[in-house]
Amino acid sequence: MCKHAGVRGMMTMEQHNNRLQHFSIAWFAVVMGLAGVAIAWLRATDVLGMPWIVGAGLRCTTVAAFTVIAALYLAKLLRYRAEVMSELGHPVRLNFFPTISIGLILLSIAFMHQLPNVASVLWLIGASIHLLSTLYVMSVWIHHTHFTIQHMNPAWFIPVVGNILIPVSGMQFAHPEVSWFFFSIGLMFWLILATIVFYRVIFHGSLPARMVPTLFILIAPPAVGFIAYVALTGEVDRFARVLYYTGLFLTLLLLTQVRQFARLPFFLSWWAYSFPLAAMTIATMLFYARSGYAFLGGLSYVLLTLLSAVLVMLVVRTALGVWRREICVVED
């Protein structure tokens, strides 16, 4: 009896270790999604009069999620270093490593009004790590020997286009030229990578089912770009409008294809729905606050409701995925 119990214990431990071994860097996209929704609700407190407690609760949840995910990935690094190095060389997963620094930058945005000293430290660490991550990832892109056009998907936006996010709180914590530096990097490579992504999708077949949700990432650069540009210039001028309406068109384009997205089996990449929608929601509220256009006010409520529903769906489906052991398994 004791022997059988010991065997069962060893099997349980082995299963636990295997799940840790396959704990993906893409889990940090969950932090991005939660942080984006938290910031949207905090912004809705000022613009739409929504309850502050919702945004504050989501912000605390984001901190907890970041802490747990970072601890688990650190444990993986210590125990399965070869697996982490494998992800660093993977043509898709490589691009998720900067989600760590983006998570820190988003937390700095979430805390910049209530805890500016904490937010400034988070921003400094996040911006520094993100610059290093961008340099590293782009060096891998330039000197690779095994990437093909089929590896391209919107997740490639994350390393370089993530720089657009830095000025949102950077204008409060650093010299304006620093924010312009990061904004310029993100904007330039958004245009380059967007061209490659559309070439990939149009002329080289559909994305693999696992990566189809990443199409929502197309919304993030113009939406975040609008927010950052307004932070940099202090106004909603013609270029800001170009950024906003580009993001709005891409949002409408993807929402018209909801049936195709609904047919997809669950993957962790579903979290790609959350942050881009959050960015578009925040951009709409910012535009509404600056312009007073009634249709933007109504759209802000619609997008916030949609975003909240998507978050609930993602949390429930992720919890089921963990329970059913659909996540943290061997992937292609």
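Of all residues assigned to the range 111-131, none qualifies as being within 20 Å of residue 271 (Cβ to Cβ), part of a helix (DSSP H, G or I) and open to solvent by 20 Å² or more (accessible area, probe 1.4 Å). Out of 268, 248, 254, one residue alone is within 20 Å of the chain's Cα centre (by Cα), over 21 Å from residue 148 (Cβ atoms) and at pLDDT below 95. It is 268. Checked against the criterion of being open to solvent by 50 Å² or more (accessible area, probe 1.4 Å) and either assigned to a loop (DSSP other than H, G, I, E, B) or modelled with pLDDT under 95 (or both), the range 153-166 has no qualifying residue. Restricting 309, 278, 283 to residues that are of a type in the set (A, V, I, L, M) and surrounded by fewer than 20 Cβ atoms within 10 Å (Cβ to Cβ) narrows the list to 309.
Looking at 101, 86, just one residue is open to solvent by 50 Å² or more (accessible area, probe 1.4 Å), part of a helix (DSSP H, G or I) and in contact with a helix residue (DSSP H, G or I) (Cβ under 9 Å, 6 or more places away or on another chain), and that residue is 86. Return only the number of the condition from (1) open to solvent by less than 50 Å² (accessible area, probe 1.4 Å); (2) part of a helix (DSSP H, G or I); (3) not hydroxyl-bearing (Ser, Thr, Tyr) that residue 147 does not satisfy. Result: residue 147 fails condition (2) only. Taken together, 109, 105, 53 contain a single residue that is in contact with a Phe, Trp or Tyr (Cβ under 7 Å, 6 or more places away or on another chain) and more than 13 Å from residue 24 (Cα to Cα), which is 105.
The test for being part of a helix (DSSP H, G or I), under 26 Å from residue 283 (Cβ atoms), at pLDDT below 95 and out of contact with any strand residue (DSSP E or B) (no Cβ under 6 Å at 6 or more places or on another chain) does not hold for residue 180. Applying a threshold of 6 Å to beta carbon distances and a minimum spacing of six or more residues, or different chains, the list of pairs starting in the range 49-76 at a residue that is assigned to a loop (DSSP other than H, G, I, E, B) and ending at one that is surrounded by 15 or more Cβ atoms within 10 Å (Cβ to Cβ) and not polar (S, T, N, Q) reads 50/44.
The values are calculated or read from the model by the stated rules, or taken from the named source; none is laboratory data. Keep in mind it's a predicted model, so treat the numbers as computed, not measured. Counting neighbours? That spans all protein chains shown, and the Cβs are built from the backbone with ideal geometry, glycine included. The area values use the complete protein model at the heavy-atom level, side chains included, leaving out ligands, DNA and RNA. Shrake-Rupley method; radii C 1.70, N 1.55, O 1.52, S 1.80 Å.
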